[in-house]
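Working notes, beginning with the structure itself.
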2 protein chains.
Amino acid sequence: MIQRTGNSTLQLDPPVYILGSGSCAGKKEGEGPLASYFDAIYSDTLLGMDTWEQAESRLQTEAVKTALHKAGLQPSDIQYIFAGDLLNQCISSTYGLRDMNIPFLGQYGACSTMAQTMGMAAAFVAGGAAENAAAVTSSHFCSAERQFRFPLEYGGQRTPTSQWTTTGAGSVILGKRSAPVSITEVTFGRMTDLGVNDANNMGAAMAPAAVRTLTDYLTDTDHVPADFDLILTGDLGYVGSRLLRQMMRKAGWDIETLHNDCGLMIYDRKKQDVHAGGSGCGCSGSVVCGYILRQLEAGVLHDVLFLATGALMSPTALQQGENIVGISHLVHLHSDEPPKES
Amino acid sequence: MIQRTGNSTLQLDPPVYILGSGSCAGKKEGEGPLASYFDAIYSDTLLGMDTWEQAESRLQTEAVKTALHKAGLQPSDIQYIFAGDLLNQCISSTYGLRDMNIPFLGQYGACSTMAQTMGMAAAFVAGGAAENAAAVTSSHFCSAERQFRFPLEYGGQRTPTSQWTTTGAGSVILGKRSAPVSITEVTFGRMTDLGVNDANNMGAAMAPAAVRTLTDYLTDTDHVPADFDLILTGDLGYVGSRLLRQMMRKAGWDIETLHNDCGLMIYDRKKQDVHAGGSGCGCSGSVVCGYILRQLEAGVLHDVLFLATGALMSPTALQQGENIVGISHLVHLHSDEPPKES
């Protein structure tokens with residue numbers, strides 16, 4: 001059942017359970033602090049394929065296969081798969097999932113895609129449209145660079161505010177069968193445009209969207225930030241995270257000690273030369289479906305607000321003088337597990 | 001309430017009602033046989049904007065505004081808007097809808113987007129996630145040509161199987177309040193790849209997807225083609241429509257006299273030099289939200305199966321040797337209106 005609360009929050013009662021998850025990462029991500037939490041690390045940038053786009057597709061295939069395996073389910077048990085990515089016409093999703101024979105609903109939320117697909121799949125299960133549904137997203141450093149910025153061969157200088165697109169993917173299988181971690185609430189976001197148009201400063205473009213969705217959620221529900229162990233954004237990076245905390249303080253909410261960002265967690269910024277941090281759908285996808293779900297399953301975390309943010313733009317739009325429009329979708333991840341003795 | 005039927009069909013009971021609709025078209029479409037059914041026809045290709053992409057965005061803005069006006073609703077009455085288009089990163093949707101302040105869920109289904117967004121919005125209303133939800137899509141001949149094929153200035157020769165991307169948009173507002181036309185069933189499709197890789201023969205790439213979804217629907221339910229006044233595909237055009245009818249006959253269903261295609265209806269193929277017919281999200285968007293809904297409201301049609309088909313591909317994927325993957329989503333449009341005296 002879905003209960004609408006406030007303007008835009010959906011409360012799922014009973015909650016929708018996470019039956020399985022899969023996370024994949026590339027070489028650089030596999031050298032970072034979360035390496036031990038990924039289900040697979042590929043040291044070959046091409047994953048044995050001919051092109052980076054095909055490699056990214058394979059990340060989605062592998063993430064979904066792993067999630068299905070952990071859930072003990074077959075593709076035929078899944079009624080719908082919600083998938084998206086950053087590439088033109090979402091081709092990583094198309095080609096990565098084409099052979100699975102699952103009804104396919106392509107989603108476009110830029111880097112907010114992990115939260116969007118999780119939220120959509122959860123709404124479909126809670127609303128009675130599916131017994132089980134899957135969510136998946138990916139990004140790849142090499143395919144993203146050549147599409148959004150410059151060909152890698154050009155060797156362009158990166159600005160201090162730029163972020164490093166994560167090579168990785170994340171997938172979850174959601175369903176009605178009980179499991180340790182569940183999705184209890186979803187808030188889908190509105191678009192935000194504060195006039196940022198620098199494709200090398202995505203964090204600044206997206207932070208206002210996270211502020212809007214987080215305040216929408218707190219206004220819709222009786223929750224305060226202290227109800228959560230973690231308020232986790234997707235890929236605001238260093239610049240966007242600072243902005244988010246400042247803007248939330250101005251809005252009357254102190255989240256300083258509760259906030260972290262997948263883009264700040266996935267790399268060691270002191271050693272790995274990623275400038276303002278990680279980005280891309282695969283950043284929050286791999287961190288949430290790897291590290292965060294493990295912490296919830298282990299009872300280390302109990303309530304996490306996961307807000308992925310996306311920059312809705314294309315190089316063509318920016319060349320035509322448009323701004324970068326931000327969006328953020330939120331899911332509340334919950335676990336009742338007692339902390340496990342180590 | 002949503003009742004799952006068979007493998008992949010959703011029955012909506014009570015149904016979800018179409019409270020308002022809007023359709024826009026360009027000059028060529030405004031010279032075709034359905035001209036009198038569009039809410040607005042723009043003879044200026046740029047719609048007063050600076051670029052074709054901005055013009056396409058404006059088509060979405062106008063279609064949604066018209067649909068809201070006819071529904072007697074404000075943007076604040078709409079909980080979610082489902083939107084998508086053909087351009088890289090779905091920018092027509094982003095920039096066309098950014099100022100509406102409605103929670104935004106970007107969809108990517110290529111030319112199947114009108115059926116996908118209608119189906120998603122219907123599932124959200126029926127499942128309890130929204131009181132009212134909107135669906136919208138668009139395409140523009142000039143923005144599509146330069147992105148998928150050649151710059152217009154190049155003046156390339158068009159092949160006989162090529163289709164003409166419609167300049168147009170369609171939008172519906174769905175809700176629980178009773179209205180003459182409703183959505184009673186939805187079937188979301190699986191991807192289909194039969195090896196077609198000619199970007200100038202989209203009809204052939206997409207027809208097998210329509211066959212799959214239509215046979216899925218007929219298998220899931222007790223319906224036979226004769227239960228419908230019209231089985232309407234989105235933009236298979238002449239080549240794809242012939243293939244669909246042939247393949248359905250092979251599968252044991254004769255739909256010859258019941259089938260029509262928005263791409264064959266929107267232009268006069270004898271006079272308007274569109275080769276195999278119209279295509280693009282805006283083709284089925286403008287035809288369904290213009291002509292078809294008027295026929296249902298007038299009691300001329302009572303049961304229409306609308307299947308939009310999409311070609312999930314990008315120029316990059318085709319350059320890398322990939323096939324065009326097809327998909328088709330279906331919505332059952334129903335009206336109880338008695339035929340009106342003219």
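Would you tally the residues in the range B:72-86 being crowded, with 23+ Cβ neighbours inside 10 Å, at the interface with chain A (Cβ under 7 Å from one of its Cβ atoms) and assigned to a loop (DSSP other than H, G, I, E, B)?
Within the range B:72-86, residues that are crowded, with 23+ Cβ neighbours inside 10 Å, at the interface with chain A (Cβ under 7 Å from one of its Cβ atoms) and assigned to a loop (DSSP other than H, G, I, E, B) number 0.
What are the residues in the range A:200-217 that are touching a residue at least 40 places away in the same chain (Cβ under 8 Å) and more than 12 Å from chain B (Cβ to nearest Cβ), if any?
Let us first name the residues in the range A:200-217 that are touching a residue at least 40 places away in the same chain (Cβ under 8 Å), namely A:200-214, A:216-217.
Residues satisfying the conditions are A:N200, A:N201, A:M202, A:G203, A:A204, A:A205, A:M206, A:A207, A:P208, A:A210, A:V211, A:L214.
Looking only at residues in the range A:182-205 that are at pLDDT below 95 and under 18 Å from the mean Cα position of the chain (by Cα), which one is surrounded by the most Cβ atoms within 10 Å (Cβ to Cβ)?
Out of the qualifying residues, it is A:M202.
I'm told A:A210 meets every condition in (1) within 25 Å of A:Q60 (Cα to Cα); (2) surrounded by 21 or more Cβ atoms within 10 Å (Cβ to Cβ) except one. Can you identify the failing condition by its number?
If we test A:A210 against (1) within 25 Å of A:Q60 (Cα to Cα); (2) surrounded by 21 or more Cβ atoms within 10 Å (Cβ to Cβ), just (1) comes out false.
Which residue is nearest to B:G282 (Cα to Cα), if the candidates are limited to the range B:88-117 and must be surrounded by fewer than 24 Cβ atoms within 10 Å (Cβ to Cβ) and polar (S, T, N, Q)?
Across the range B:88-117, the extreme among qualifying residues is B:N88.
Let's see how each residue does on (1) on the phi < 0 side of the Ramachandran plot; (2) within 14 Å of another protein chain (Cβ to nearest Cβ); (3) crowded, with 24+ Cβ neighbours inside 10 Å; (4) under 13 Å from the mean Cα position of the chain (by Cα):
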residue	(1), (2), (3), (4)
B:G263	yes, no, yes, yes
B:S279	yes, no, yes, yes
B:G290	yes, no, yes, yes
B:L293	yes, no, yes, yes
B:A298	yes, no, no, no
B:H302	yes, no, no, no
B:M313	yes, yes, yes, no
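List the strands (runs of 3 or more DSSP E) that sit entirely inside the range B:1-71 and contain at least 2 residues that are among the small types (G, A, S), away from chain A (no Cβ under 13 Å) and more than 24 Å from B:V274 (Cα to Cα).
Details: elements: B:2-5, B:9-26, B:40-42.
Correct list: B:9-26.
How many residues does the range A:1-52 contain that are surrounded by 23 or more Cβ atoms within 10 Å (Cβ to Cβ), among the hydrophobic types (A, V, I, L, M, F, W, C) and closer than 30 Å to B:Q319 by Cβ?
Of the residues in that region, 3 qualify.
Among the residues of the range B:149-181, what is the count of those that are modelled with pLDDT under 85, hydrophobic (A, V, I, L, M, F, W, C) and in contact with a strand residue (DSSP E or B) (Cβ under 9 Å, 6 or more places away or on another chain)?
Total satisfying the criteria: 0.
Filtering the range B:96-115 down to residues that are of a type in the set (S, T, N, Q) and facing chain A (nearest Cβ under 7 Å), which residue is nearest to A:A115 (Cα to Cα)? Even if it seems obvious, please write down each step before you answer.
Taking the range B:96-115 first, the residues of a type in the set (S, T, N, Q) are B:101, B:107, B:112-113.
The next check asks that each one be facing chain A (nearest Cβ under 7 Å); those that pass are B:101, B:107.
Numbers: B:N101: 19, B:Q107: 14 Å.
If we take residues in the range B:96-115 being of a type in the set (S, T, N, Q) and facing chain A (nearest Cβ under 7 Å), then B:Q107 is nearest to A:A115 (Cα to Cα).
Just to be sure I understand, how many residues within the range B:324-340 are within 18 Å of B:L12 (Cβ to Cβ) and part of a loop (DSSP other than H, G, I, E, B)? Full working, then the answer.
Pass one, the range B:324-340, residues within 18 Å of B:L12 (Cβ to Cβ): B:329-336.
If we keep only those that are part of a loop (DSSP other than H, G, I, E, B) as well, we get B:336.
The number of residues fulfilling the criteria is 1.
Confirm whether A:S335 is hydroxyl-bearing (S, T, Y), buried (at least 17 other Cβ atoms within 10 Å of the Cβ) and either within 14 Å of another protein chain (Cβ to nearest Cβ) or touching a Phe, Trp or Tyr at 6+ places or on another chain (Cβ under 8 Å) (or both). Write out each step before concluding.
Working: hydroxyl-bearing (S, T, Y): yes; buried (at least 17 other Cβ atoms within 10 Å of the Cβ): yes; either within 14 Å of another protein chain (Cβ to nearest Cβ) or touching a Phe, Trp or Tyr at 6+ places or on another chain (Cβ under 8 Å) (or both): no.
Answer is no for this residue.
Which of the residues that make up the range A:269-323 are more than 16 Å from A:N201 (Cα to Cα), part of a loop (DSSP other than H, G, I, E, B) and of a type in the set (S, T, N, Q)?
A:Q272, A:Q320
What is the one condition in (1) surrounded by 24 or more Cβ atoms within 10 Å (Cβ to Cβ); (2) more than 9 Å from chain A (Cβ to nearest Cβ); (3) without any contact (Cβ under 8 Å) to a residue 40 or more places away in the chain that B:M120 does not satisfy?
(2)
Name the single residue, out of those in the range B:266-307 being in contact with a Leu (Cβ under 7 Å, 6 or more places away or on another chain) and of a type in the set (A, V, I, L, M), that is nearest to B:T113 (Cα to Cα).
B:L307
Any residue that is more than 14 Å from chain A (Cβ to nearest Cβ), surrounded by fewer than 23 Cβ atoms within 10 Å (Cβ to Cβ) and on the phi < 0 side of the Ramachandran plot - is there at least one of those in the range B:132-148?
no
Report yes if A:G321 is touching a residue at least 24 places away in the same chain (Cβ under 8 Å) and either crowded, with 17+ Cβ neighbours inside 10 Å or more than 14 Å from chain B (Cβ to nearest Cβ) (or both), otherwise no. Steps first, please.
Values: touching a residue at least 24 places away in the same chain (Cβ under 8 Å): yes; either crowded, with 17+ Cβ neighbours inside 10 Å or more than 14 Å from chain B (Cβ to nearest Cβ) (or both): no.
Judged against the criteria, A:G321 is not a match.
Can you run down the residue pairs with Cβ atoms below 7 Å, 6 or more apart or on separate chains, where the first is in the range B:268-293 and free of Cβ contacts under 8 Å to residues at least 60 places away in the same chain and of a type outside the set (G, A, S) and the partner is surrounded by 24 or more Cβ atoms within 10 Å (Cβ to Cβ) and part of a loop (DSSP other than H, G, I, E, B)?
Here the result reads B:R269/B:G277, each pair linking the range B:268-293 to a residue that is surrounded by 24 or more Cβ atoms within 10 Å (Cβ to Cβ) and part of a loop (DSSP other than H, G, I, E, B).
The values are calculated or read from the model by the stated rules, or taken from the named source; none is laboratory data. In this text, all values refer to a predicted model and were calculated from it rather than measured experimentally. Neighbour counts run over all protein chains shown; Cβ positions are idealised from the backbone, glycine included.
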